[in-house]
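Here the structure comes first, spelled out in structure tokens, and everything after it is commentary.
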Amino acid sequence: MKLTNWILATTVAIVACHLSLGATPALAIQSLSGMVGQTYYLAYNLHPDPKRNTLSSVNYQLDGAMIPWGTQVKVQRVDRRGMRLEAVESKKVYLYQFHRNTGQTLALSDHMAKLLVKDISGLKKEVNALPALDQRGIKEGRVKLGMTKRGTLIAIGHPPEFATPNPESDNTWNYWYNRFRTFIVNFDDKGKVEGLTGYPF
């Protein structure tokens, strides 16, 4: 009887967990509804799939295309599939897809707030004040040995939160090149890139 009760309790807990996980995306999407129709600027470079015009909250570092930081975008729509962004100048439309793990360690609204900003003036001043190596990496959308953490964030974006929850304090950042390949950026105690493991560029 005790075993049966334990199995039942465990089953209920698992079902409740699945129901909770199923309800979370809808609530997260609702928290982004106020962004629809608004224009923003990208706070860091993005590397879209050039064939599908898709982006991912995992921040895949795909080769072949780059949307530079500072690009003005308009939020066209938000749903369970993701956020549809239109680059104001080029008129290209991209689907920023929400990975199922996004939102586990950081609210989806906070995740998007790191990418989309209303005012770019402060960021422009910050980039102009960064070392020449950082500026070159940012322009190319690539991370290089010796770059600072801040320069790396603008050049290739944030590592996914579920893999690197605290990039400010963590000196090992985990990225995905695509769905199947990962790479690691290691920083020294001064916050500069000292190692790149599996980086394809």
Check your understanding: If you scan the range 192-201, which residues turn out to be closer than 15 Å to L133 by Cα and in contact with an Asp or Glu (Cβ under 9 Å, 6 or more places away or on another chain)?
Key -> E194
Practice item. May I ask you to verify whether N128 is assigned to a helix (DSSP H, G or I), farther than 20 Å from Q61 by Cβ and out of contact with any Asp or Glu (no Cβ under 6 Å at 6 or more places or on another chain)? Key: yes
Exercise for review: Scan the range 25-43 and give yes if some residue there is exposed (fewer than 14 other Cβ atoms within 10 Å of the Cβ), of a type in the set (A, V, I, L, M) and modelled with pLDDT under 95, otherwise no.
Suggested key: yes
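Could you please find all residues in the range 100-125 being assigned to a helix (DSSP H, G or I) and basic (K, R)?
Here is the first cut: in the range 100-125, the residues assigned to a helix (DSSP H, G or I) are 108-115, 121-125.
Within the range 100-125, K114, K124, K125 qualify.
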Exercise for review: Filter the range 124-182 down to the residues that are surrounded by fewer than 18 Cβ atoms within 10 Å (Cβ to Cβ) and among the aromatic types (F, W, Y), then identify the one that is farthest from the chain's Cα centre (by Cα).
Suggested key: F180
Review point. Is it true that V93 is more than 14 Å from H47 (Cα to Cα) and surrounded by 14 or more Cβ atoms within 10 Å (Cβ to Cβ)?
Key: no
Exercise for review: May I ask you to list the residues in the range 183-201 that are surrounded by 17 or more Cβ atoms within 10 Å (Cβ to Cβ) and touching a residue at least 60 places away in the same chain (Cβ under 8 Å)?
Suggested key: F183
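From the list V78, V58, pick out the single residue that is assigned to a loop (DSSP other than H, G, I, E, B) and β-branched (V, I, T). Spell out the reasoning first.
Values: V78 fails: assigned to a loop (DSSP other than H, G, I, E, B).
Sole residue among the options that is assigned to a loop (DSSP other than H, G, I, E, B) and β-branched (V, I, T): V58.
The values are calculated or read from the model by the stated rules, or taken from the named source; none is laboratory data. These numbers were taken from a predicted model, which means no experiment stands behind them. Quick reminder, even Gly has a Cβ in these numbers, built from the backbone with ideal geometry, and neighbours come from all protein chains shown.
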